[in-house]
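Remarks on the structure that follows.
What follows is calculated from the coordinates using simple rules that are stated; it is not laboratory data. What you are looking at is a predicted structure, and each value in this text was computed from that prediction instead of being measured. Positions of Cβ are backbone-derived with ideal geometry, glycine not excepted, and every protein chain shown enters the neighbour counts.
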Amino acid sequence: MLVGAFACAHTPQLLARPGTEDRDLVLRVHAAFARVKRRLAALRVDAIAIVAGDHVEAFFLDGVPALAVYVGTECAGAFGRYRYRFPIHEPLARAIVEQGVERGFDLFYTQAAPLDYAFYVPLHFTMPEAAVPIVPLHVNVYLPPQPTPRRCYDWGRALGEIIRAWPERVVLMASGGMSHFPGTDRYASPEFDYDRRLLDALKAGRGHELAAVTGEELDKMGNIELRTWATLLGAVGNARADVYCYEPSWHHGNAVVEWVP
Amino acid sequence: MSDLHYRFPPASAYRLNRCLFALKSDDDFRARFQKDAPAAIAAMGLDGEDAAALLGGDRDTLLARGAHPYLVFMADLRLKMEREPVSFEFF
């Protein structure tokens, strides 16, 4: 069963805040994460399938999968003083990779890869007190050529069907976005207007529009990570988005959003 | 396509990107780099202009040599986090 869907920002400055970051803004994003955490508890979730864009952590240039599923028993990651270890919902992970391949998606899978912060920053703030296993789902966002938004949307639609047919209560989470340009001249000038227009479309239940966006447009708008949202939108269709927060910092459009599938 | 912010990483920059990746993600390598940067990157097979670019730390020079912008950004942030840990608030 697909019982809920959320998109969460994951910028590491939310976890380790340098003096450059507005503390009140960071705390407002944390408050939105806390709402997600309460919702996950209320939804009595059995597993969280989390779609994130690897920040060249699990996969370097030795092997760059477009779409990948983590099918190990547990996964671990580290960032500075933070150490994370999450159990994997292996039966669900295996069902996703097997049924995904069956449906025509040539998925990469791994049983051992470091977990990127794109996965554990949202989970740090949203994992219910009674922790649940996860299924990490990778989408390549940083190493061109990335999968097209259309491909991500189609994969999400298949993923949604697989999860809906699963007997347990599963939440789908997309980690990433919104506009930011790390490592480029545009770092201090994200495309906040683009983010707001997109959020308006999602609030109006027009999620399918993200599938029609080109990869070039996502790059131009600092939104290469919205491939994870496109994946989620494939699963939830045109459900209306409930935007918990949109907090533009000096370098990043921080959004937390829920869809009721 | 050449005006993309994130471009295909040229194969000529593989070793440079591998060093940046190690600075970002490998605590042991980062420690060796902090102690003796030229020796650490030489041990990774980086030499010549790539080595000079990495030691110089100038972003535009690194990008011109094919370094991935995100790797340059996060390698720098991870080094800063270790050099100035008190300036972070941890949640």
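For the protein assembly as shown, the dipole from Cβ point charges (+1 on Lys and Arg, -1 on Asp and Glu) about the Cα centre works out to 760 debye, to the nearest 20. For the range A:42-180, the equivalent ellipsoid built from the Cα gyration tensor has semi-axes of 20, 20, 14 Å, listed from largest to smallest. Comparing A:Val97, A:Val3, A:Phe60 along the charge dipole axis of the range A:1-97, the residue lying farthest to the positive side is A:Val3, per the Cβ-charge model. Considering only B:Tyr14, B:Tyr70, B:Ala31, the residue lying farthest towards the positive end of the dipole of the range B:12-82 is B:Tyr70, judged by Cα position with unit charges set on Cβ. What the Cα convex hull of chain B gives, in volume per residue, is 111 Å³. Amide H contacts under 5 Å for A:Cys75: A:Phe86, A:Ile88, restricted to partners 5 or more places along the chain or on a different chain, H placed in the peptide plane at 1.01 Å from N. Between A:Leu202, A:Thr148, A:Asn223, the Cα set farthest toward the positive side of the dipole of chain A (charges on each charged residue's Cβ, about the Cα centre) is that of A:Leu202. In whole angstrom, note down how far apart the Cα centers of the range A:1-20 and the range A:116-130 are. First find each Cα centre; the distance between them is then 8 Å.
Each Lys and Arg Cβ is given +1 and each Asp and Glu Cβ -1; about its Cα centre, the range B:37-91 then shows a dipole of about 100 debye.
If one computes P(r) from the Cα atoms of the protein assembly as shown, what percent of pairs lie at distances over 34 Å?
21
Bridge orientation summary for the range A:2-259: considering DSSP beta bridges with both residues in this region, about 50 percent are antiparallel. Using θ = phi - 60° in the Karplus curve 6.51 cos²θ - 1.76 cosθ + 1.60, the 3J(HN,Hα) couplings for the range A:232-246 round to 4, 5, x, 7, 9, x, 9, 4, 7, 7, 10, 7, 5, 7, 9 Hz; x is entered for Gly and Pro. Other protein chain C-beta atoms within 10 Å of residue C-beta, averaged over A:55-61: 5.
Could you name the lysines in cross-link range of B:Lys24, using Cα to Cα under 22 Å and dropping any fewer than eight places away on the same chain? Those lysines meeting the cut-off are B:Lys35, B:Lys80. Short-range pairs are left out: with C-alpha atoms under 8 Å and at least six residues apart, the relative contact order of the range A:1-142 is 40 percent. In terms of other Cβ atoms within 10 Å, A:Trp155, A:Trp250, A:Trp166 run from fewest to most in the order A:Trp250, A:Trp166, A:Trp155. Of the chymotrypsin sites (Phe, Trp or Tyr not before Pro) found in the range A:1-79, none is in coil by DSSP with at most 12 other Cβ atoms within 10 Å of its Cβ. Among A:Arg240, B:Arg18, A:Arg151, the ranking by other beta carbons within 10 Å of each residue's beta carbon, starting with the fewest, stands as A:Arg240, B:Arg18, A:Arg151.
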